[in-house]
Amino acid sequence: MQNFNVKPFTKNEFIEELRKKFPQYKVQTSLGALQVRKSGFTLTGNVKIDTNPDTGKITTTTQLDSMPFLIIMLPIGLYVWSKKQKIKDFESEVIEGIKAMMN
């Protein structure tokens, strides 16, 4: 999980800019959650983005942030843990893209 602040923005423009910045990834906005995904269904290629457009606060979340789930679901947890660096690299790529987009 990473938190950072940018200048205030509108959510619709933010989503459109994400789609332009990451055309190779799927930007989902279903059920009120904003996600950048590598494919349709993936455990390790997913970054959830929580935004507060009025204040410019952005928080990213990945599967590594849900440790109780990973412990309870041990086989899935081991798989996700083995892909830890890949998940962190993807989250960093998304964060760098957002920062570049918002400046």
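The values are calculated or read from the model by the stated rules, or taken from the named source; none is laboratory data. Because the structure is a prediction, the values reported are computed rather than measured. No Cβ is skipped: glycine too gets one built from the backbone with ideal geometry, and neighbour counts run over all protein chains shown. The area values use the complete protein model at the heavy-atom level, side chains included, leaving out ligands, DNA and RNA. Shrake-Rupley method; radii C 1.70, N 1.55, O 1.52, S 1.80 Å.
If the condition is being β-branched (V, I, T) and touching a Pro at 6+ places or on another chain (Cβ under 9 Å), then segment 48-72 contributes only T55. Among the residues of segment 1-19, those that are part of a helix (DSSP H, G or I) and closer than 12 Å to I98 by Cβ comprise F14, I15, E17, L18.
Tell me which residues, restricted to segment 60-103, are farther than 30 Å from P8 by Cα, of a type in the set (A, V, I, L, M, F, W, C) and either modelled with pLDDT of 85 or more or in a helix (DSSP H, G or I) (or both). Result: M67, F69, L70, I71, I72, L74, I76, L78, V80, W81.
Consider R19 carefully, then state whether it is more than 10 Å from the chain's Cα centre (by Cα) and among the basic types (K, R). Yes; evaluated as a whole, the condition is true for this residue.
Consider segment 1-26 and keep the residues that are farther than 23 Å from G45 by Cβ and among the polar types (S, T, N, Q). The one that is least open to solvent (accessible area, probe 1.4 Å) is T10. Counting only residues that are open to solvent by 70 Å² or more (accessible area, probe 1.4 Å) and within 17 Å of M101 (Cβ to Cβ), segment 27-82 holds 1 of them.
All of D54, D50 fail the test of being assigned to a loop (DSSP other than H, G, I, E, B), closer than 21 Å to E16 by Cβ and among the charged types (D, E, K, R), apart from D54.
Summed over segment 68-102, residues that are closer than 30 Å to P53 by Cβ, out of contact with any helix residue (DSSP H, G or I) (no Cβ under 8 Å at 6 or more places or on another chain) and among the small types (G, A, S) total 1.
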